[in-house]
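The values are calculated or read from the model by the stated rules, or taken from the named source; none is laboratory data. Note that the structure is predicted; figures quoted are calculated from it, not measured. FYI the Cβ positions are ideal-geometry reconstructions off the backbone, even for glycines, and counts take in every protein chain you see.
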Amino acid sequence: MKFIIDNWMLIAIAIASGSMLLWPVLQGAAVSGVSPDGAVRLMNHEKAVVIDIRESSEFAAGHIGAAKSVPLADLEAKLGGTVKNKNLPLILVCQSGTTSARAVSLAKKLGYEQAQSLAGGLAAWKTASLPVEKS
């Protein structure tokens with residue numbers, strides 16, 4: 001106990017530095033969804049359908065090549081007509097990955113059990129130097 005009292009500052013520094021080392025690991029665990037490379041694999045091997053949930057103007061400015069535009073506000077009403085086969089993997093895309101992560105729960109509620117978010121969104125797709133189309 002005397003050691004702890006005499007060296008409280010060293011112990012505090014050790015705890016702070018350990019926390020800083022663990023922070024990136026914890027952040028990585030919090031990121032949910034499929035990586036851009038994983039999305040490409042799903043698209044090529046499992047015929048995954050890519051749904052871009054951004055607004056139409058954002059979609060026109062740049063989107064993943066095979067993506068279909070279904071804005072988030074219309075997702076519940078239009079997803080069933082856009083993707084009829086609920087057994088196919090579904091990849092939801094937004095700009096940064098946060099909105100699409102929330103949209104996954106809506107898609108799963110509609111019966112799309114293989115719905116996933118693109119981790120990092122279109123920004124991560126571009127960072128991975130994957131192609132983007134404009135319409």
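Quick notes on this structure:
- Among residues of segment 40-56 being β-branched (Val, Ile, Thr) and either touching a strand residue (DSSP E or B) at 6+ places or on another chain (Cβ under 8 Å) or buried (at least 18 other Cβ atoms within 10 Å of the Cβ) (or both), the one that is farthest from Ser69 (Cα to Cα) is Val49.
- Only listed residue being without any contact (Cβ under 8 Å) to a residue 24 or more places away in the chain, of a type outside the set (S, T, N, Q) and assigned by TED's automatic domain parsing to the domain that holds Tyr112, chosen from Val70, Val50: Val70
- In segment 22-38 there is at least one residue that is of a type in the set (A, V, I, L, M), under 30 Å from Leu118 (Cα atoms) and at pLDDT 85 or above.
- Scoring Asp37 on the criteria (1) closer than 22 Å to Ser135 by Cα; (2) surrounded by fewer than 19 Cβ atoms within 10 Å (Cβ to Cβ); (3) out of contact with any Pro (no Cβ under 9 Å at 6 or more places or on another chain) leaves a single failure, condition (1).
- Unmet criterion (only one of (1) surrounded by 14 or more Cβ atoms within 10 Å (Cβ to Cβ); (2) in contact with a Leu (Cβ under 8 Å, 6 or more places away or on another chain)) for Gly80: (1)
- Listed by position, the helices (runs of 4 or more DSSP H) contained in segment 34-130 that have at least 1 residues being among the aromatic types (Phe, Trp, Tyr) are 56-61, 121-127.
- Every residue from segment 99-122 that is of a type outside the set (D, E, K, R) and loosely packed, with under 14 Cβ neighbours inside 10 Å: Ser105, Gly111
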